[in-house]
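Enquirer: Here it is: the structure, laid out below.
The values are calculated or read from the model by the stated rules, or taken from the named source; none is laboratory data. These figures come from a predicted structure and were not determined experimentally. All Cβ positions, even for glycine, are placed from backbone atoms using ideal geometry, and neighbour counts span all protein chains on display. Each accessible area value is taken on the protein alone, full model and side chains, heavy atoms only, with ligands, DNA and RNA left out. Shrake-Rupley method; radii C 1.70, N 1.55, O 1.52, S 1.80 Å.
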Amino acid sequence: MSRIILTLCLLFSSLGTLFSQEESTEVADTSAGLPKEYADYLVASKTLSPDKKFAVIYPKRELCPEGSGDRCKDYLVALQLFQVLTVLDTKYPEFEHKNHGGMSATWLKDGSAVLVTIDSRWGPGHTFLCEIRDGKLSRSTNLLKKVHDLLVPDFKKARVGRYNDYFDFVFETEDYDHPMCEFADSTHVRIKATATTEPKGIAGDKAWDGSVEAIWDIPNAKFASQKVTRKFAGVRKEGDL
């Protein structure tokens, strides 16, 4: 009986070691390998290209007092040899320990394009489509801004208040298994986005909700198809939630 117990203990110990090793395979964000002038930035491990030659770097907390600053910027860079390809054009960049922050990226297998998403409180704040040719940036598109602009006409027709003083409406994440913007193939991005002026969904509040289903043509830098739908406009009732 004691031998059986000893065997089970060894088995559970081995499984614990195995799971611990699997969990430790996640690479931490680090400044290791960056040149001296960018030593106060971190390589976002979730943005590494398949060949590990490109990534997004973001600033450490001290560079972003009150969430801003001259050097509080996110950059798409080449890691070998180091070169800044472009700054991700946003007033609200990702930085170390940012509240409601987060950053991720999806690459085409051949490394010719990447979708970089900077998270905000309720969903993505920005999604940038960056195209790379011969190791250089060939084009950068703030794709979520393009989607935002599709929704603006219906938002204005609804005649409801803004989300706040900074944003007319925000994007919400409804399906965590699928990002709002994802590659359909090597030349198209599939977009399924939802937006709202009242993400808390409080009954009695006046609100507007809208959605977009679209396909972005990468080579031609334009929408190949688009459909905007108003989901709600008016004063929320309990049954609307």
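Enquirer: For residue 86, what residues show an amide H to amide H distance below 5 Å, using hydrogens built from the backbone and excluding near sequence neighbours?
Expert: Under 5 Å from the amide H of residue 86 lie the amide H atoms of 76, each far enough along the sequence or on another chain.
Enquirer: Right, next: With axes computed from alpha carbons, what is the tilt in degrees of helix 143-158 against the longest principal axis of the chain, rounded to the nearest 10 within 0 to 90?
Expert: Taking the Cα atoms of the chain, the angle to 143-158 is about 30 degrees.
Enquirer: To continue, here is another question. Tell me the per residue accessible area of the range 111-221 using a 1.4 Å probe; a whole number in Å² is fine.
Expert: With the other protein chains kept in place, the range 111-221 gives 49 Å² per residue.
Enquirer: If you wrap a convex hull around the Cα atoms of the range 178-241, how much volume per residue is inside, in Å³?
Expert: Enclosed volume per residue, from the Cα hull, is 85 Å³.
Enquirer: Also, I was wondering about something else. Give me the Å³ per residue figure for the convex hull around the C-alpha atoms of the range 83-217.
Expert: Convex hull of Cα atoms, per residue: 124 Å³.
Enquirer: Same structure, new question: What ³J(HN,Hα) values, in whole Hz, does the Karplus curve 6.51 cos²θ - 1.76 cosθ + 1.60 give for the range 78-93 when θ = phi - 60°, with x put for Gly and Pro?
Expert: The phi angles translate into 8, 8, 9, 5, 4, 7, 6, 8, 6, 8, 7, 6, 8, 7, 10, x Hz.
Enquirer: While we're on this one: Of the heavy-atom accessible surface of the range 84-219 (probe 1.4 angstrom), what whole percent is carbon and sulfur?
Expert: It is 46 percent, rounded to a whole number.
Enquirer: Sorted by average packing, counted as other Cβ atoms within 10 angstrom per residue and highest first, what order do 124-133, 153-162, 220-229, 70-79 take?
Expert: Packing order, densest peptide first, comes out as 124-133, 70-79, 153-162, 220-229.
Enquirer: Show me the ranking of peptides 40-46, 199-205 by mean Cβ neighbours inside 10 Å, starting with the highest.
Expert: Order by mean packing, descending: 40-46, 199-205.
Enquirer: Something else: Ratio of Rg to Rh for the range 45-100, alpha carbon only, Kirkwood?
Expert: Looking at the range 45-100, the ratio lands at 0.99.
Enquirer: Computed FRET efficiency, Cβ-Cβ of residue 157 and residue 238, R0 22 Å: what is it to the nearest 0.05?
Expert: Calculated transfer efficiency: 0.30.
Enquirer: Continuing with the same structure: So how exposed is residue 206, as accessible area in Å² (1.4 Å probe, rounded to 10)?
Expert: Roughly 110 Å² of residue 206 is accessible to a 1.4 Å probe.
Enquirer: Something else now. Quick check on the chain: what are the equivalent-ellipsoid semi-axes from the Cα gyration tensor, as sqrt(5λ), descending, whole Å?
Expert: 35, 27, 20
Enquirer: For residue 125, list long-range residues whose amide hydrogen, built 1.01 Å from N in the peptide plane, is under 5 Å from its own amide hydrogen.
Expert: Placed amide hydrogens put 118, 119, 120 under 5 Å from residue 125.
Enquirer: On a full-extension model of 0.36 nm per residue, what is the gain between residue 87 and residue 66, subtracting their alpha-carbon distance, rounded to one decimal in nm?
Expert: 5.6 nm is the gain from fully extending residue 87 to residue 66.
Enquirer: Here's something else I'd like to know. Provide the net charge surrounding residue 123, with neighbours chosen by a C-beta distance below 10 Å and charges set as Lys +1, Arg +1, Asp -1, Glu -1.
Expert: Spelling it out: positives minus negatives among the neighbours equals -2.
Enquirer: Please report, in whole Å, how far the alpha carbons of the range 112-160 spread along each principal axis, starting with the longest.
Expert: 47, 23, 9
Enquirer: Please report the antiparallel percentage of the DSSP beta bridges confined to the range 55-186, to the nearest 5.
Expert: In the range 55-186, approximately 100 percent of DSSP beta bridges are antiparallel ones.
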